[in-house]
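I have placed the structure first, in the form of structure tokens, so that the comments after it can refer back to it.
The values are calculated or read from the model by the stated rules, or taken from the named source; none is laboratory data. Just so it is clear, the model here is predicted, and its values are computed rather than measured. Here Cβ is always computed from backbone atoms with ideal geometry, including for glycine, and neighbour counts include all displayed protein chains. Quick note on the areas: whole protein, heavy atoms, side chains included, nothing else; ligands and nucleic acids left out. Shrake-Rupley method; radii C 1.70, N 1.55, O 1.52, S 1.80 Å.
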Amino acid sequence: MTATVSTTDTPLNASRASGAGFARKAKAYLALTKPRVIELLLVSTLPTMIYAERGFPSIGLILATLVGGAFAAGSAGAFNCYIDRDIDKLMHRTEKRPLVTGEVTPREALVFSWILGAAAIAILWFGANPLSAWLGLGAIFFYVVIYTIILKRRTAQNIVWGGAAGCFPVLIAWAAVTNTVEWPAIILFMVIFLWTPPHYWPLSMKYGEDYRNANVPMLGAIAGAKVVSVQVVLYAWAMVACSLLLVPAGGAGWVYTATATLAGAWFLYESHSLYSQAQREEISGKRAMKVFHGSISYLTLLFIALAVDPFVGPAVMAAG
């Protein structure tokens, strides 16, 4: 005679199940913060701090600014997921977000958003300075209220003005180092502001059906490829021109100047290629996504050059 012993309810298995459940919940909360967006925002933060300092700021200040900035962006992203949960379930691109799958409840997401936002402001206030904290609060407000609540579902210009929230990290970074906002920071703000439409509109072209299903008037979803490609080219030219203003107005050196020129020329070429295909009505999702990914590469190269620039040679146009 043999006896069968069940182990499904042993303390070890219960502990493993509890650990797995905690890991899933933590992963869901992390997804609410839109970590890929945070990565992109942090790409601009540290280089701006280095450029403002003309060297490396203290490790404590760097950590406070990066963590505070990441928490602010994560809070804004979580609020966005909470507010947009009704339309996220209608789009293939967002149908696996935690509030759609039920891994996080709306109440949990809302509480998490407020806690993360409060932590962000506190870290920036005490770890950097009050000005950077106020700018962090402004970034959250702009993304959550101006973009998500007011603009996103009402106008095709939503990403133009709402995208300004993504420009705040350079202001926060500059303020953290200098306790002020100066012309170089404003120029970098405008570079990212002008970069956002040619970055996002190609993506909305590829996922146009998603946005139409959710009744969100992204330009790439409601306008033809010919119209969108013209706007991408115009914004790309304005962005590159603005990036070069850092030479006469911000004391940029040869590393930044050469990178801004060459990377800008390359991105302009990709934008014009998109335009040419659109005018011939040969546009494809692959070409649109090439411009989308190319915009990320462009911004990354530009800010890497910004970080290296203070250590290599003098300004191209030294103040007389």
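Of the listed requirements (1) closer than 12 Å to Ala52 by Cα; (2) open to solvent by 10 Å² or more (accessible area, probe 1.4 Å), Ile140 misses just one: (1).
The C-beta contact set for the stretch 165-186 (first residue without any contact (Cβ under 8 Å) to a residue 60 or more places away in the chain, second residue among the aliphatic types (A, V, I, L, M) and not in a helix (DSSP H, G or I), distance under 7 angstrom, 6+ apart or interchain) comprises Leu171/Val181; Ala175/Val181. When the residues of the stretch 27-68 are narrowed to those that are at pLDDT below 95 and of a type in the set (Val, Ile, Thr), which ends up surrounded by the fewest Cβ atoms within 10 Å (Cβ to Cβ)? This residue is Val37.
From the list Leu116, Leu124, Leu90, Leu110, which residue is under 22 Å from Pro47 (Cβ atoms) and in contact (Cβ under 8 Å) with a residue 24 or more places away in the chain? Exactly one of Leu116, Leu124, Leu90, Leu110 is under 22 Å from Pro47 (Cβ atoms) and in contact (Cβ under 8 Å) with a residue 24 or more places away in the chain, namely Leu124.
One line per residue, one yes/no per condition, for (1) among the hydroxyl-bearing types (Ser, Thr, Tyr); (2) open to solvent by less than 20 Å² (accessible area, probe 1.4 Å); (3) in a helix (DSSP H, G or I):
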position	(1), (2), (3)
Thr261	yes, no, yes
Ala288	no, yes, yes
Thr300	yes, no, yes
Val308	no, no, yes
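So which pairs qualify, if the first residue must be in the stretch 238-255 and under 16 Å from Pro314 (Cα atoms) and in contact (Cβ under 8 Å) with a residue 60 or more places away in the chain, the second must be of a type in the set (Asp, Glu) and open to solvent by 40 Å² or more (accessible area, probe 1.4 Å), the Cβ gap must be under 9 Å, and the two must be at least 6 apart or on different chains? If the second residue must be of a type in the set (Asp, Glu) and open to solvent by 40 Å² or more (accessible area, probe 1.4 Å), the pairs left are Gly250/Glu182. Determine if the stretch 156-170 includes at least one residue that is open to solvent by 20 Å² or more (accessible area, probe 1.4 Å), assigned to a helix (DSSP H, G or I) and closer than 21 Å to Gly68 by Cα. Yes, because at least one residue in the stretch 156-170 is open to solvent by 20 Å² or more (accessible area, probe 1.4 Å), assigned to a helix (DSSP H, G or I) and closer than 21 Å to Gly68 by Cα. I'd like to know if the stretch 181-194 contains one or more residues that are of a type in the set (A, V, I, L, M, F, W, C), within 22 Å of Ala288 (Cβ to Cβ), assigned to a loop (DSSP other than H, G, I, E, B) and open to solvent by 10 Å² or more (accessible area, probe 1.4 Å). Taking every residue of the stretch 181-194 in turn, none turns out to be of a type in the set (A, V, I, L, M, F, W, C), within 22 Å of Ala288 (Cβ to Cβ), assigned to a loop (DSSP other than H, G, I, E, B) and open to solvent by 10 Å² or more (accessible area, probe 1.4 Å). Do you know which of the residues in the stretch 71-129 that are hydrophobic (A, V, I, L, M, F, W, C) and not in a helix (DSSP H, G or I) is farthest from Ser58 (Cα to Cα)? Across the stretch 71-129, the extreme among qualifying residues is Leu90.
Note on the stretch 85-137: among residues that are exposed (fewer than 15 other Cβ atoms within 10 Å of the Cβ) and β-branched (Val, Ile, Thr), the one that is nearest to Asn213 (Cα to Cα) is Thr101.
The single condition from (1) of a type outside the set (Asp, Glu); (2) open to solvent by less than 20 Å² (accessible area, probe 1.4 Å); (3) within 29 Å of Tyr275 (Cβ to Cβ); (4) at pLDDT 85 or above that Ser204 fails is (4).
Taking the stretch 210-256 and the helices (runs of 4 or more DSSP H) fully enclosed by it, the elements with 1 or more residues that are within 20 Å of Met190 (Cβ to Cβ) and open to solvent by less than 10 Å² (accessible area, probe 1.4 Å) are at 225-243, 246-250.
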